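Have a look at the structure below before the remarks.
FYI, it's all coordinate maths here, none of it is from the lab. Please read all numbers here as calculations on a predicted model, not as lab measurements. Please note: Cβ atoms are built from the backbone with ideal geometry, for glycine as well, and neighbour counts cover all protein chains shown.
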Amino acid sequence: MQRRGQLNYSLGEITAIRELFLSLAKGIKASRQYPPEHPVSTQFKAVFFDKLKSFFEQGEVIAVNVHYDTLTAQEEVVFRGSAGSDNVAHLLHRDGVRYLEISRQIAAPEATELFDAFLACAERSEQCEDIVNLFWQADFEHIKYEVVDVFELGEIRELVAGYTPETESSRVRPESALLTESVDESASVEDSARLFPDQMNEAYQHMLDQLGDGAGYSHEELAALEQLVENDRQLSIKDEVIELLLQLCRSDWTSRDLALAVEALQSTFDKTIQDADFDASSVMFNRVRELLREGEVRSPTARKKLTEFVARCGDKIRIKMLTEVLNRREELDLEPARRYLSELGWESLNHLLWMLGELSFYPARKMVCELLVEKGLDRIDLLGGAVFDSRWYLVRNVVWVLGETGDDRAISFLRKAASHNEIRVRAEVVKALAKLDNEAVVDLQLSMLRDQSEKIRSMVANELGNGRRRGAFAGLQEIVTSKEFPDAPLSEMRQIMEAMVTCGGAAAVEVVQKIVRRSTLFDKTRLRRLQEVAVNALQLSDDDQALTLLEKIASDSKSHVCQIARKALSQLQFKRESKVGVQS
Amino acid sequence: MASSRSSRTTNRELAGSEELVHSQQGRALINQLSILIKTARIYSSDNKSFRIQLDQCYQILETSIAEEGELSLQAQSGYLFFCGVRIRHDVRGFAASKHLQELFHKLDISGFVFATSTAVEELEKAALLVNAAESEGLHGFEKLQERFDSSQIESILPLPLVAEQHEEMTDDREKRSFAKRTFFYAVNNLKTVTDMVSNGRQVDAARTKRVIHSLVDQILSDESYLLELTALKSHDQYTFLHSANVCIYSICLGTRLNLTKAELSLLGFAALFHDIGKTKLPLEILNKPSNFNNQDWEVMRMHPIYGVLAVARSLPFDERSCRAMIVSLEHHYNLDGTGYPETLFRRSLNLYSKIVTICDVFDAMTSGRVYRKNPVSPENVLRNMIQQAGFKFDKNLLKVFLTAVSLYPPGTVILLDSGQYALVMGKNPGDLLRPKVKVIGDGNKWFDKGIRLNLADRDPVTGQYPRSIAKVIDPRELNVDFARFVLD
């Protein structure tokens, strides 16, 4: 390839090249956080292509020499990399690329492939993909590159050492013997060595004739060859290999060979997880279970080994691998992972709980939580055990899961969590309790009305009100009528009063009536505030007596709560009318 | 005999792990050496920081020497080689690697050799001396060597620059030389991978892919240079050379089917590893000099399955390795469903398996023409293969192969009408009766180097062919080391 070092770039062109490689580096850095088809990634690719177009508005060829951490065009440094994975000069230089040239005919798909090649080898690991291989596979049309290949550096003498044959010619290779089984051994060189060229040619033509049209290829032959290639391209080779490995694992072999086969199956399975190919993981896992279930594994050893394989599919090692994969980036299609995890048995529940505590990104945690709701239903005891975990965020997630199960057995674990030091856990308990359709949660809710945090108390009161739990009335009445209640913060007082009115029906109206009748000579403000709150709360009651009471208070213009009663009455009437309207 | 075999195998088994260890140790040494030299720039030799870095560097050096013996660290064409193994570092190791390469460049050396007797005092002196030389702007290998000598550093030697070799390949000779390098790199790479697989290690396929890509490129450009190397046979390296040959033949056949470059790469990879399962066979069977009994055959017939299992364990689960697994399993299956091994997994053969089977049988049978007791001539091998077309081999693919290898495949030994013997190196597409050959002698006297001759070239004066083929020869009659003619 002819290097274009002598190109005369204008200052504008040099600037455009600089911007181009800068956009590439930025794009790589940003895109590493997202999957290939993510809008962010696509956007950066578009910017890169725009920069290319922008250069080609003025120039013909972008030609850069690659150095250790710089790219130069016409002796000008156009890119200088740092010790980051976005150092495009390093990514090229590391694998031997010393020169890169892009010509103006380049179109968006080719530019995207170039971008993707950089992205694929930008992992922070020695084992990541080789950029020269990626370039080769992309088979660029308008991008040229010059590579110093390692094998170009080797001395032939060193490489060929040891390839000179032995002089003895007596040994028979077993490999040759193996291949000659079906070949006529008697046809030794003696038969043919004396063939003269004309006879050889005749023999050759005869051979070609035997294989069909000797003069060339017939239409049928060409069509058959094309069909062979076409059929091959339709194959799902991964599926075939999975099926092959499964078949090998159920063969009637020695224990050692079976162990090797299951080991290979395990290794392949692990790789599917590490490559985030969870659909393949699911296929392998399900197929083995199917074979075992349908009695298609006859050998007891094979059965034992495959049963162990199934158990390992959901063990801590695999769940840990999966966790690492899900922690690689936030934007990941989680549905295949969900499908795979949902196949696992209850034995994996503890590992899933461990996983929940290790996941970095919210979407993955949400997925696992939802999965635990499904899987945990039969094992509330295992699930609930996690409320004793030292990580508050895990406990909070587990509380959410317990609530979603709607199972009464969750209550005892929620009771434990209700006394957790972390307010966010207790808040989640309040929400979880609201999801349980059981009067037994009321005691716990009422006890949480005495929580040290006003926020929690307020949440509980709200939930109690929304829940209209009859069983809560007595407890709420006790709180409302207690001496300390008028000293509570106003908002909290309101919420608890409203909860009592909502839950208590006619009995609650009576309690309000008693409060309204109450009088005192001392600290009148305190009582007034309580009475105002109580009257106002009546608007939430479904009971007719609330209407009657409000009408009575509203008509008593001397009462200090008259105005509040009027407002509440009008609200209650409006609500009732609306309700009737909707029903009619 | 048995002991020599087992010692050879042990060395082979070690090679794969050696490469991995080299990479790790190399990276560690590069990092620490760079830190040591940089520290020497800032602190004096009695400073605590310098002593700590010196000790750490010496520790790495000592460990590596204990395991590997003499060590070399050398820069060439922008790469760093540790004991001949290229060190591919990630961005974390990039600063150290860059520093050393720039340092070597400034000093006009390619690197250093550390003898087994290297002492910590010598390392200390060398670090200080190199640092001083850099500051003074000392340039030239000889000058640095003088300094080392005068400082009595005997176990650490600077290395002179290595000539760069990546100029354009313009003539035939360079292309042939490049083909040889690629071919042997493929063989050596296969050895390394085989060793890693037999030790159950994970294989990084990037290097193998590179070499396959290079083979594909060269075959697409002009297959003759690589095809002529398929004439090279060796007992000791049989499996490796055979696999490389099958790889080349398969790619040649694949190009005629208009497979894409990416598909040719997959095919080449699968072909190169088709026999990898043999690494899992017991040595006593692999090295058995006499004929196999039934039990031996039973074990031998497991090698396709062992190949599948080895690839599954040691290579990534991608299309490339999946292709290799299928080919490994099927390369002894016949078109009609016969063949081995016996498994429950039987369905119509994969295209790549059909291709590799043809190339495998042809190369194995013709390899015998030099070493077998009853060698089969290429023509007879092809004749036999044709007889089995339709039930053992795919008829159409076999025809494609036949036109690719032609009448006189590379490696065929012929007698010319001039009375001279020659080795066929390649075909002339326009005249299959007149291949390109290397004349190797007249039976009484063998040349030091073969003389290349195109039998299709006419005498410019008479318009006649100066030489023609008289007959095909049984190579045993000549008792000649043909490999040296292939490689000269």
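Computed quantities for the displayed model
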| item | result |
| --- | --- |
| Cα-derived Rg to Rh of the stretch A:18-142, Kirkwood definition | 0.92 |
| Additional length obtainable on full extension of the chain from residue A:236 to residue A:43, 0.36 nm per residue less Cα span | 66.3 nm |
| Chain lengthening between residue A:576 and residue A:22 when straightened (0.36 nm per residue, less Cα-Cα) | 192.8 nm |
| Reachable aspartates and glutamates from residue B:106, criterion Cα separation under 13 angstrom, eight or more residues apart if same chain | B:134, B:136 |
| Value of D in µm² per second that Stokes-Einstein yields for the stretch B:93-140, Kirkwood Rh from Cα pairs, at 4 °C (1.567 mPa s) | 111 µm²/s |
| Overall form of the stretch B:204-249 per C-alpha gyration tensor (a/c, 1.5; a/b vs b/c) | oblate |
| Chain A - mean residue ellipticity at 222 nm from DSSP helices (-39,500 (n - 2.57) per run, n ≥ 4, rounded to 500) | -19500 deg cm²/dmol |
| Fraction of antiparallel bridges per DSSP, chain B only, in percent to nearest 5 | 95 percent |
| Stokes-Einstein D for the stretch B:356-475, Kirkwood Rh over Cα pairs, 4 °C, 1.567 mPa s (µm²/s) | 85 µm²/s |
| Selection from B:245, B:367, B:297, by position along the positive dipole direction of chain B (Cβ) | B:297 |
| Ascending count of other beta-carbon atoms within 10 Å, so fewest first, for B:238, A:217 | A:217, B:238 |
| When the protein assembly as shown is reduced to its Cα atoms, the Kirkwood hydrodynamic radius in Å | 35.3 Å |
| At q = 0.23 Å⁻¹, base-10 log of I(q)/I(0) for the stretch B:19-64 (Debye sum, equal scatterers on each alpha carbon) | -0.72 |
| Equivalent ellipsoid, the stretch A:217-359 (semi-axes from 5 times Cα gyration tensor eigenvalues, Å) | 33, 23, 11 |
| Compactness of chain A, expressed as Rg and Dmax over alpha-carbon positions, Å | 39.0, 137 |
| Dipole magnitude of the protein assembly as shown about its Cα centre (Cβ charges: Lys, Arg +1; Asp, Glu -1), debye to nearest 20 | 3960 debye |
| Candidate aspartates and glutamates - alpha carbon under 14 Å from residue B:449, same-chain residues fewer than 8 apart omitted | B:481, B:488 |
| Base-10 log of normalised Debye intensity for the stretch B:107-246 (one unit scatterer per alpha-carbon) at q = 0.09 Å⁻¹ | -0.51 |
| Neighbour net charge for residue A:441 - beta-carbon separation under 10 angstrom, K R +1, D E -1 | -2 |
| Cα pair distances in the stretch A:503-584, grouped into 5 Å bins until the bin that holds the longest one, percent each | 3, 16, 26, 24, 15, 9, 4, 2, 1, 0, 0 |
| Candidate lysines - alpha carbon under 27 Å from residue A:455, same-chain residues fewer than 8 apart omitted | A:366, A:416, A:431, A:435, A:483 |
| Label-reachable residues, the stretch A:336-362, where backbone N falls under 15 Å from a point 7 Å from residue A:431's Cα toward its Cβ | A:362 |
| FRET E, pair residue A:205, residue A:327, Förster distance 51 Å, beta-carbon r, rounded to 0.05 | 0.20 |
| Point-to-point label distance, residue B:481-residue A:452, nm (Cα→Cβ direction, 7 Å offset) | 8.9 nm |
| Links that overshoot a 24 Å alpha carbon limit, given the list A:26/A:51; B:438/B:471; B:261/B:399; A:320/B:280; B:98/B:125 | A:320/B:280 |
| Rg and Dmax [Cα atoms of the stretch A:368-499; Å; Rg one decimal, Dmax integer] | 14.8, 47 |
| Extension gain, residue A:462 back to residue A:510 (0.36 nm per residue minus Cα-Cα distance, nm) | 15.2 nm |
| Percentage, to the nearest whole number, of Cα pairs in the stretch A:47-90 over 18 Å apart | 38 percent |
| Chain A, dipole about Cα centre (Lys/Arg Cβ +1, Asp/Glu Cβ -1), debye to the nearest 20 | 6080 debye |
| Anisotropy class of the stretch B:27-140 from Cα gyration tensor, a/c 1.5 cut | rounded |
| Cα-based Kirkwood hydrodynamic radius, chain B, one decimal, Å | 25.5 Å |
| Size-normalised alpha-carbon gyration radius of the stretch B:325-365, reference 2.2 N^0.38 Å | 1.07 |
| Percent of Cα pairs exceeding the 16 Å cut-off, where the set is the stretch A:344-388 | 28 percent |
| Residues in the stretch A:518-532 that a label on residue A:559 would reach, taking backbone N under 17 Å of a point 7 Å out along Cα→Cβ | A:518-520, A:527-532 |
| Cα gyration tensor shape for the stretch A:434-584, rounded if a/c is under 1.5, else prolate or oblate | oblate |
| Label-point gap, in nm, between residue A:422 and residue B:115 - each point 7 angstrom along Cα→Cβ | 6.4 nm |
| Peptide B:202-213, shielding by other chains (average Cβ, 10 Å cutoff) | 5 |
| Kirkwood hydrodynamic radius of the stretch B:395-463, from inverse mean 1/r over distinct Cα pairs, in Å | 13.1 Å |
| Rule-of-thumb Rg ratio for the stretch B:206-341 [Cα; 2.2 N^0.38 Å; N residues] | 1.10 |
